[in-house]
Every structure is written in C-alpha cells, then in structure tokens.
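Below is one structure, written out as structure tokens; the observations come after it.
The values are calculated or read from the model by the stated rules, or taken from the named source; none is laboratory data. Just so it is clear, the structure is predicted and the values come from calculations on it, not from any experiment. All Cβ positions, glycine included, derive from the backbone under ideal geometry; neighbour counts span all protein chains shown.
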Amino acid sequence: MFSLVQKCIREVLHNSPLRRYFFPKYLYNFTPPQLCFLCKCVEDVRDVPGVTAELGCANGLTSVFLNKYMTEQGIDKPYVAIDTFSGFVAEDVRYEVVNRGKQERLFKRFQVNSKKWYDKTMRTNGVTRVTSIQADVNMIDMRILGPLSFVLLDVDLYRPMKKCLPELYEQLSPGGIMVVDDCDAEHVRWDGSDQAYKEFMTGMGRPARILHGKLGFIQKDR
Ligand SMILES: C[S@@+](CC[C@H](N)C(=O)[O-])C[C@H]1O[C@@H](n2cnc3c(N)ncnc32)[C@H](O)[C@@H]1O
C-alpha cells in the first residue's frame, strides 16, 4: 500500500512543474570539463586588460556560471552579453539552407527568450557586472566593445561566426583568449561554426586547436 502511494506521488510529480525541483536535470549547454575549461581561460587572462564578452548568451546559464566564478575569484571586469534574444536571424538561416544544404527546420531554437528575462536572470542570481545588448551580431561593429580579454563566441551558424571572428580577434588584447563553441564537423546542425573557425585559423596561418570535443581555441600572442 505504502509503495503504491509512493508510486502515485512519483507519477504526479513527474508530470507536474514541480518535477524540476524534485528531479533536477543538468541544464548547462556545456559539460563540466568544458565549463571548467572556460573558467580556466577567464583565470588565465586575469591580467589581460579588456572586457569579457559572450556573443550568443541565450537565457544566461553560462553567463551566470562565469560571473559567479569571476566574483569568487575576485576578477572584476565588465561582462558584455549579446544576443538577438529571439533566436537565429533569417539571413543566417538562409545561408545554411542555400549554401550549406541544411534544412530550415533545424534552426527553430532559442526563439522563446527576451532581454528582459535575461536581465532578470542576472539580477535573480546577484550578477551585477553584465551589460546585455539586444542585436544581430552581423550588424554590430565589434569595435564598440573596446579591448577584449576573453570572448566566448557562441552564435552557432556559419555566417555570423565568419563575420565575428576577424573583428573580435582585432579587438582581442595581446594575451587575450577567444573560445569558439561548436567546432564539431560531425554535428549536422552546428558544423558551420567548425567551418568558420577552421577557415579563420587557416587564414591566420595557425593550426586549428579544438579542445574538449568542440571548443575552438584562439590566443593572441603577447
Ligand atoms: C547555443 S545558444 C548560446 C548559449 C549560451 N552561450 C550558453 O552557453 O548558455 C546560441 C545563441 O546565439 C544567438 N544567436 C544566433 N545568431 C545570432 C545573431 N546573428 N546575432 C545575435 N545572436 C545570435 C541565439 O539567439 C542563441 O541564443
């Protein structure tokens, strides 16, 4: 009898919004080793002047994680987060479909979001150093960001990645680090990142360095 009641409670919880409280799921877009690596990068550029930037910040999970790390470690640099806060832009998706043979339906993600929600998530988590910017990265002149010490570039598709890489590199301070997410040629949906990263590194005459399965690494010489 007792186990039947327990079973019923479990069933109810599994189908209710309380499920996340009782049966929490791992929510991050990065694995623990990848998050540790991002923190190590932030640590390694501690003395490199410039802003920390995340291009493609979605709902702020990684922003909160990295900002908590920075606070705990006494790294006090401005953090700029950019996103459309409404998913992919039509031109970027069209490029994937027309030029890279992808199906449009693959890119219907990240649409349910808003800058207001992102900002509230920062406040709820006690994160105060983030400035969020709602924009299409294709339309931004990256010089507005000023010198950069660490950049997480995470906008997934070929066209915006290709545009951002040289501009961000130009802004990177000597010794600064840029991490490019989704550098995985096997991933049908996001392999545009991999292509853009590899083309950029080839253009620079440097070998591609992909760590933890998908993180393209770039460090500017000191
Ligand atoms: C994989 S998510 C970012 C995940 C986030 N960095 C994290 O770790 O939690 C990719 C984000 O890039 C944004 N994005 C895609 N194309 C963009 C563009 N052209 N301009 C600005 N943001 C873009 C999407 O809206 C989406 O939120």
| said: Suppose we filter 137, 97, 93, 151 for residues that are without any contact (Cβ under 8 Å) to a residue 12 or more places away in the chain and in contact with a helix residue (DSSP H, G or I) (Cβ under 7 Å, 6 or more places away or on another chain); which single one remains? | reply: 97
| request: Identify all residues within the stretch 138-194 that are at pLDDT below 95 and under 18 Å from residue 89 (Cα atoms); write none if there are none. | output: 189, 190
| task | Look at the stretch 103-125 and say how many of its residues are touching a residue at least 12 places away in the same chain (Cβ under 8 Å) and either away from the ligand (no atom under 14 Å from the Cβ) or of a type in the set (Asp, Glu) (or both). | result | 1
| said: Can you report the number of residues in the stretch 89-120 which are in a helix (DSSP H, G or I) and not hydroxyl-bearing (Ser, Thr, Tyr)? | reply: 19
| task | Report, by residue number, each residue of the stretch 146-168 that is in a helix (DSSP H, G or I), more than 6 Å from the ligand (Cβ to nearest atom) and crowded, with 21+ Cβ neighbours inside 10 Å. | result | 158, 159, 161, 164, 165, 168
| query | Do you know which of the residues in the stretch 63-85 that are under 19 Å from residue 114 (Cβ atoms) and assigned to a loop (DSSP other than H, G, I, E, B) is farthest from the ligand (Cβ to nearest atom)? | reply | 85
| message | Could you tell me how many of the residues in the stretch 66-97 are closer than 24 Å to residue 220 by Cβ and either of a type in the set (Phe, Trp, Tyr) or touching a strand residue (DSSP E or B) at 6+ places or on another chain (Cβ under 8 Å) (or both)? | response | 10
| request: Check whether at least one residue in the stretch 55-71 is farther than 19 Å from residue 160 by Cβ, out of contact with any Lys or Arg (no Cβ under 6 Å at 6 or more places or on another chain), loosely packed, with under 13 Cβ neighbours inside 10 Å and at pLDDT 95 or above, and report yes or no. | output: no
